[in-house]
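Structure first, commentary second.
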Amino acid sequence: SRKKIIHQRADCRIEHRPRQYQNRQPNRRTMSAKDKDSIEKVLALENVAELLQQKKETILEITQKAQKILGTTIPEECDSIHILRYALSFDNTTDAAKALTKAIEWRSTRSDLVKAARNGQGFLPDGETEETFREFCIAGFHGRTQEGHLVYIIRSGLSNMPAVLNSAGRQKVTDFLTLRNEIGFHQCDKLTRETGYLHKVVVLLDMRHSSLSNQDFRFLSAYGESSKRSEFLHPQLLGQQIVLNPPGYVSMLWDVGRKMMSKRTLRKICMQTAPATETTGDSSKSPSGRKQKNVKPDDQIIMRVIAKQDLPSFLGGDCHCAGGCIGFLPNEATSPNTPQTLKEKK
């Protein structure tokens, strides 16, 4: 049944773990010149003990400045490992301390989202929008990279953001994106403490089946706001965002989107030029309607990041989760849900 599939899914509880990664030593392979600058840091895990030693004085200074701003001691959860991420992200301790205190104050006023994230609840705890995001926003965590970083996959071509925004509104979308980042931040913190290596999230943005008519510039505004919010809430969370199967009009979206995103996020976005699609041998249509031959993913990017058995079939991998690897659409889906199709299903 549909309810049974929902409970079996590993969408946001980070349960999809086909291999064991605990205590795994980092693989420091040499990358080709083509992709070295874009994903080298994702593949190389950093030793936390070494980083703590290197940033010892910086962490202490950030702590002292934050306490001075707050006028009291900082919460217990803001220990040296937590503050290490701020020390690595900001150029000076003053900016780091301001960001840390801003995060502490934000979490104190949004305990609903914090609690939901720590419980692995992937939807807003408002009792109103879960169905909307579940049916129209096809995105979720799925396994790990070769090194053990979390992987978050977005099937933007199969997401119906106009429907989400019309139903939930821009602010709810911003909160939803923040909640997913908060989940990733909490899980990365847990993995970092368990393994002794700094863990991050790798985002795969699959734009296959995207069409210009299904874009909503309100979403870019919501995404931009959540990006800037994550700058002080989730330092060192995003390892890399890789855009897959970009359509011809992506440059137009990029010109608009980059004005709304934080500079730190922009520096971590790269595009894969070769298509990453299913290797079924069939042909598919591009957003322009022309047929395109399915090819294997660009080995220099995707296969260097995620093992084939962990990669969903719609990206050329071998994984076929029951009910679909991401969101609540099967891997073979080629069009997004609409309010009309949902009425027909019911």
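Results, tabulated for the structure shown:
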item: log10 of Debye I(q)/I(0), alpha-carbon scatterers only, for the range 113-266 at 0.11, 0.18 Å⁻¹; result: -0.41, -1.17
item: Potential extension, Val114-Arg218 segment - 0.36 nm per residue separation minus Cα distance; result: 34.9 nm
item: At q = 0.20, 0.23 Å⁻¹, base-10 log of I(q)/I(0) for the range 42-129 (Debye sum, equal scatterers on each alpha carbon); result: -0.95, -1.08
item: Contact order normalised by residue count of the range 116-215, Cα under 8 Å, 6+ apart, percent; result: 34
item: Listed peptides 70-78, 319-327, 124-132 by packing density, highest first (mean Cβ within 10 Å); result: 319-327, 124-132, 70-78
item: Sulfur and carbon atoms: percent of accessible area, the range 79-198 [1.4 Å]; result: 44
item: Prolate/oblate/rounded call for the range 95-152, Cα gyration tensor, a/c under 1.5 rounded; result: oblate
item: Protection-proxy order for peptides 165-177, 235-247, each taking the mean of Cβ atoms within 10 Å per residue, highest first; result: 235-247, 165-177
item: Segment Leu266-Leu60, length gained on full extension (0.36 nm per residue, minus Cα span); result: 71.2 nm
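The values are calculated or read from the model by the stated rules, or taken from the named source; none is laboratory data. Keep in mind that this is a model prediction, so the values were computed, not measured. Positions of Cβ are generated from backbone atoms using ideal geometry, with glycine treated the same way; all protein chains shown enter the neighbour counts. Calculation scope for accessible area: heavy atoms of the full protein, side chains included, ligands and nucleic acids excluded. Shrake-Rupley method; radii C 1.70, N 1.55, O 1.52, S 1.80 Å.
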